[in-house]
Amino acid sequence: MKKLNIYIASVLIIIAAGSSCKKLNDQNPHDAIDLNTAFETISDAQKWDAGTYSALRGNFDMSHNSTDLQADELSVSLSEGNANGGQYRWGAFFGADQPAGYWEGWYAALSNINAAITGFPNIKTTNATDAASLKQYTGDLYLARAYYYHRLILRFGKAYNPATAATDLGVPLVLVYNPYAKPPRATVKATYAQILSDITTAEGLLANVPGQQGAQVFNIDVATALEARVRLDMQDWAGAYTAANKLIASGNYPLISTLAGFQSYWTNDGIQEDIYQPFTNTTTEQPSASYPYLNYIASLNADNPSYIPTGSIIGLYQNSDIRKGTYFASQAVNINGVSGNLILITKYPGNPIFYVGSSVSTYQNAPKPFRIAEIYLIAAEAAANNSDAGDALTALNALHEARCGTSYSELSGTALTDTIRSERTRELAFEGYRLDDLERWGLGFTRSDPQNTNFLLTGTSTVFLSIPASDYQFIWAIPSNDMTLNPNLVQNPGWN
């Protein structure tokens, strides 16, 4: 394959389109898709749709731990081995151009999505069932495109500021399949406008696909959840609250309020609070493993984690909080020959169905990219920022009461904002939200309160790292290869 730029489609979905592979290989350049022959039957559409979901699952896994390593809730252990140390230390991560993998993966997926959006209209259906399926598959594409562009703008663009969004640099918008495109960067405002446009299109196409607990395909509820998330990031407080409250009011996703139920939910990939849970199985669609947080070594009868939670994050939880007994546990550790007990992250203990042939956890759990708990937090934050303390407190208390059995009263102003942020931090810990939240709130951080420095790589570049809110590295650099190959790109400030 010729070396072009990252907007060239990868083989993620081309391989999946089995009925069209021969035509692709025999008739077209290896870096192009013939849109006239790759999309002929409803079977072709189904295979591209399956490929879209497979790529999404991989991308949910890919970004699961990455931004959390860069934030302030983890201490790096002696056994880290520098596998992810560059990101944890900030400078080394960027110096090695490591964000390129995320940029490339997301744009490769987008290229395939654009090919399918262009190609699906060529498919002629012969009955109502096939027509409905094609409509749903098309809705999947638009919602997936919105999701990827939202991930890109969060990591490679500034946080949305209504006063400057029209001039702040966003990301390149590629909306049609073109492996040779060299687009400039759109503005932050234009990027978010496109994301909302795609969500609106998806909502229309998926309107007759009802939501359900643990849905493994996109539906109207997943579209609404992404809309709520995006509007919160845009500071569209009324819009974010409306979308979030629509899901809350449906009552379809009741919050879990018992320790046993919550532990089972995370261990066994429960679905009660899941608006969407990607399909996984024990063969071809296995989820990634969360080895950095546990990593049991049978010969030592102890765990050897790469990262452990800070005392600061553990201290945010009351003892009565069911999240504390689910997300954390005191475990025996042996880290580079140093033995003892530490509180470790047990939020992802591994679903036993993936233990295949072993009694030892593989630390594989299905991703949970859209949970109703996040939606309660969106509603609370949006209402508080819209000067509606009553609605904010209602949403906040619904979640807090379920998790802790207690509620807040008479909160307003800064106290309400701070309480909502703390609740969000507790609920969504180690799910990949923290770095984006800090940037959205305009906050820096200082890592502090390590559990036991005898097990840790100590220093001001690791467990005591301090990053101001103004640090340009909150926004990742456009990969150097793309900067070289696409002269229309402008690098993010600080990276030149």
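No value in this document is a laboratory result; all are computed from the given coordinates. Just so we're clear, the structure is a prediction, and the values are computed from it rather than from any experiment. Backbone-built Cβ (ideal geometry, glycine too); neighbour counts: all protein chains shown.
Taking 0.36 nm per residue of sequence separation and removing the Cα-Cα distance, the residue 126/residue 260 pair yields an extension gain of 43.3 nm.
With θ taken as phi - 60° and the Karplus curve 6.51 cos²θ - 1.76 cosθ + 1.60 applied, the whole-hertz 3J(HN,Hα) list for the range 275-280 is 6, 8, 10, x, 4, 9 Hz, x standing for glycine and proline.
What does the net charge come to around residue 479 if you take all other residues with beta carbon closer than 9 Å to its beta carbon, with K and R at +1 and D and E at -1? Neighbourhood net charge equals -3. For the range 348-496, the Kirkwood estimate of the hydrodynamic radius, built from every pair of different alpha carbons, is 19.1 Å. Restricted to Cα atoms, the chain shows a radius of gyration and a Dmax of 22.7, 70 angstrom.
Taking Cα centroids, how far is the range 214-254 from the range 367-394 in Å? Taking the Cα centre of each part, the range 214-254 and the range 367-394 sit 10 Å apart.
If R0 equals 30 Å, the separation of the Cβ atoms of residue 484 and residue 440 corresponds to a calculated FRET efficiency of about 0.45. By the Kirkwood approach, averaging reciprocal distances over each pair of separate Cα atoms, the range 161-294 gets a hydrodynamic radius of 17.7 Å. Applying a threshold of 21 Å to the alpha-carbon distances of 47/135; 47/246; 124/182; 158/189; 246/347; 324/347 flags 47/246; 124/182; 246/347 as lying beyond it. Set against the 2.2 N^0.38 Å expectation for a compact globular protein, the range 302-427 has a Cα radius of gyration ratio of 1.29. Dipole of the chain computed with +1 at Lys/Arg Cβ and -1 at Asp/Glu Cβ about the Cα centre; of 256, 384, 224, farthest Cα towards the positive end is 224.
Each of 58, 208, 396 was scored by the projection of its Cα onto the charge dipole of the chain, and the greatest displacement toward the positive side belongs to 58; charges sit on the C-beta of Lys, Arg, Asp and Glu.
Residues whose amide H lies under 5 Å from that of residue 75, counting only those 5 or more places away or on a different chain, are 308, 310; hydrogens are built 1.01 Å from N in the peptide plane. Relative to one another, the C-alpha centroids of the range 271-319 and the range 139-203 are positioned 31 Å apart.
Calculated mean residue ellipticity at 222 nm for the chain: -13500 deg cm²/dmol, from DSSP H runs with n ≥ 4 weighted as -39500 (n - 2.57), summed, divided by the residue count and rounded to 500. All other residues whose Cβ lies under 10 angstrom from that of residue 158 are scored, Lys and Arg at +1 and Asp and Glu at -1, for a net of -2. Near residue 408: Cβ cut-off under 12 Å, other residues only, Lys/Arg at +1 and Asp/Glu at -1. The net charge is -4. The convex hull defined by the C-alpha atoms of the range 234-332 has an orientation-averaged projected area of 10.0 nm². About its Cα centre, the dipole of the chain is roughly 660 debye, where the only charges are +1 on Lys and Arg Cβ and -1 on Asp and Glu Cβ.
Between the amide H of residue 456 and those of 78, distances stay under 5 Å, these residues lying 5 or more places away or on another chain, with hydrogens modeled in the peptide plane. Modelling each spin label as a point 7 Å along the Cα-to-Cβ direction, I'd like the residue 320/residue 418 distance in nm, to one decimal. Those two pseudo-labels are separated by 2.2 nm.
Calculation over all alpha carbon pairs of the range 74-151 in 5 angstrom steps from 0 returns a P(r) of 3, 12, 16, 13, 12, 10, 9, 8, 6, 5, 4, 2, 0 percent.
Counting only the Cα atoms, the range 285-367 fills a convex hull of 108 Å³ per residue.
Ignoring the sites themselves, the chain has its longest run without GluC sites (Glu not before Pro) in a DSSP loop having at most 15 other Cβ atoms within 10 Å at 1-284. If R0 is taken as 51 Å, the Cβ-Cβ distance between residue 200 and residue 338 corresponds to a FRET efficiency of 0.40. Backbone amide hydrogens, once placed in the peptide plane, bring residue 186 within less than 5 Å of 170, 171, 173, excluding anything fewer than 5 places away on its chain. List the chymotrypsin sites (Phe, Trp or Tyr not before Pro) within the range 324-378 that fall in a DSSP loop (any state other than H, G, I, E or B) and whose Cβ has at most 16 other Cβ atoms within 10 Å. The qualifying sites are 355.
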